[in-house]
Amino acid sequence: MKKIFPLLACFLLVAITTANARPIKALIVTGQNNHNWQVSHIVIEKILENSGLFEVDCAITPPKGGNMAEFKPDFDKYQVVILDYNGDSWSDETNSKFMDYVKKGGGIVVYHAADNAFSGWDEFNKVIALGGWENRNEKSGPYLYVKDGKIVLDESPGVGGSHGAQHEYIMNAFDKKHPIMKGLPTHWKHAQDELYDRMRGPANIKSLLYTAYSSPEKNGSGREEPLIFTVDFGKARIFHTMLGHAGATVEDSPAMQCTGFQVTLLRGAEWAATGKVTQKVPADFPTATTVSMRKDYKQP
């Protein structure tokens, strides 16, 4: 991967798989995180590239404490921006350009710990709908979870964001009509991962796609928690996945090697960029009882 640090960006081009198709232009924003961003952004890039659908650039911020005024990605060049960032605040100029992109109808993918970021930035919290940690509490908005098949908004006080021990768990479909969900199973088994719970915020979810039960046996909330959803924010198409905790290395990241994670990420990114999903559900998608892994991140 070639990184052009004077511009704080890396640019990677993937070949067009068909003569008539133009790849979707995607930007991964990364560079700081309480998670292993050095692994996660490479894996996301591999997943997108290997699909043959995306042309991927990568914008890397200065390290923690660095001069964030130097970080000036041109969001408008891209059909979808994938957020893999949780760190120092961007400059006011970059914040403004990002929100302009969103409000004009840009495509956004919120990935895993990106929903920990910028707890004090009200508009960003509307982009992610639900977030955790970084001093989030009842002032940040309600908890959102599912009980007896219905969405609950819970205003009770308490911290925003937690998870128990990493483990395999079952993903449960909620809105089966969304284009991202076409052909996907009602239940499938996700590989070992964190299961975010007690997330809270503006809660402006548009379509809740998948939930999972956060078991008290794993120190979870004991509730059916929202893990994959779209966000209601003006003209923007926003896909939020809380799955995909990065491992120690690219080769050892079970949550990201899960076929279910990769397929839902790809379908969500395509929908965020275009409003459509053209991908077929692959034969190796996990079942309700069996985890499926793509350790080399290659498409079948």
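Taking each residue of segment 47-73 that is within 24 Å of LEU265 (Cβ to Cβ) and looking for partners that are part of a helix (DSSP H, G or I) and basic (Lys, Arg) with beta-carbon atoms closer than 7 Å, six or more apart or interchain, yields nothing. Determine whether segment 102-113 contains at least one residue that is open to solvent by 40 Å² or more (accessible area, probe 1.4 Å), outside any helix (DSSP H, G or I) and touching a helix residue (DSSP H, G or I) at 6+ places or on another chain (Cβ under 9 Å). There is at least one residue in segment 102-113 that is open to solvent by 40 Å² or more (accessible area, probe 1.4 Å), outside any helix (DSSP H, G or I) and touching a helix residue (DSSP H, G or I) at 6+ places or on another chain (Cβ under 9 Å). Among the conditions (1) in contact (Cβ under 8 Å) with a residue 60 or more places away in the chain; (2) open to solvent by 50 Å² or more (accessible area, probe 1.4 Å); (3) in contact with a helix residue (DSSP H, G or I) (Cβ under 6 Å, 6 or more places away or on another chain), the only one that ALA191 does not satisfy is (2). Looking only at segment 121-133, count every residue that is open to solvent by 10 Å² or more (accessible area, probe 1.4 Å) and touching a residue at least 12 places away in the same chain (Cβ under 8 Å) and tell me the total. Residues flagged as open to solvent by 10 Å² or more (accessible area, probe 1.4 Å) and touching a residue at least 12 places away in the same chain (Cβ under 8 Å) within segment 121-133 amount to 5. The set of residues from segment 19-30 being open to solvent by less than 10 Å² (accessible area, probe 1.4 Å) and either assigned to a loop (DSSP other than H, G, I, E, B) or hydrophobic (A, V, I, L, M, F, W, C) (or both) comprises ALA26, LEU27, ILE28, VAL29. Across segment 31-46, which residue is nearest to ASN86 (Cα to Cα) among those that are open to solvent by 10 Å² or more (accessible area, probe 1.4 Å) and either free of Cβ contacts under 8 Å to residues at least 12 places away in the same chain or within 14 Å of the chain's Cα centre (by Cα) (or both)? For segment 31-46, the residue satisfying everything is ASN33. Filtering segment 134-167 to residues that are part of a loop (DSSP other than H, G, I, E, B) and either within 16 Å of ILE205 (Cβ to Cβ) or open to solvent by 80 Å² or more (accessible area, probe 1.4 Å) (or both) leaves GLU134, ASN135, GLY141, PRO142, ASP148, GLY149, GLU155, PRO157, VAL159, GLY160.
Within segment 74-98, the residues that satisfy the criterion of being open to solvent by less than 10 Å² (accessible area, probe 1.4 Å) and not in a loop (DSSP other than H, G, I, E, B) are PHE75, VAL80, VAL81, ILE82, LEU83, THR94, PHE98. Selection of segment 210-235 for residues being open to solvent by less than 20 Å² (accessible area, probe 1.4 Å) and either out of contact with any Gly (no Cβ under 6 Å at 6 or more places or on another chain) or within 20 Å of ASN33 (Cα to Cα) (or both) yields TYR210, THR211, ALA212, GLU225, PRO226, LEU227, ILE228, PHE229, THR230, VAL231. Residues that are part of a loop (DSSP other than H, G, I, E, B) and without any contact (Cβ under 8 Å) to a residue 40 or more places away in the chain were ranked within segment 175-185; the one that is surrounded by the most Cβ atoms within 10 Å (Cβ to Cβ) is ASP175. Condition check: open to solvent by 60 Å² or more (accessible area, probe 1.4 Å), in contact with a Phe, Trp or Tyr (Cβ under 8 Å, 6 or more places away or on another chain) and either without any contact (Cβ under 8 Å) to a residue 60 or more places away in the chain or not charged (D, E, K, R) (or both). Does THR287 satisfy that? When the stated conditions are applied, THR287 passes them.
The values are calculated or read from the model by the stated rules, or taken from the named source; none is laboratory data. Predicted model, so just to flag it, every value in this text is computed and none were measured. No Cβ is skipped: glycine too gets one built from the backbone with ideal geometry, and neighbour counts run over all protein chains shown. Protein only, heavy atoms only, side chains kept; ligands, DNA and RNA dropped before computing areas. Shrake-Rupley method; radii C 1.70, N 1.55, O 1.52, S 1.80 Å.
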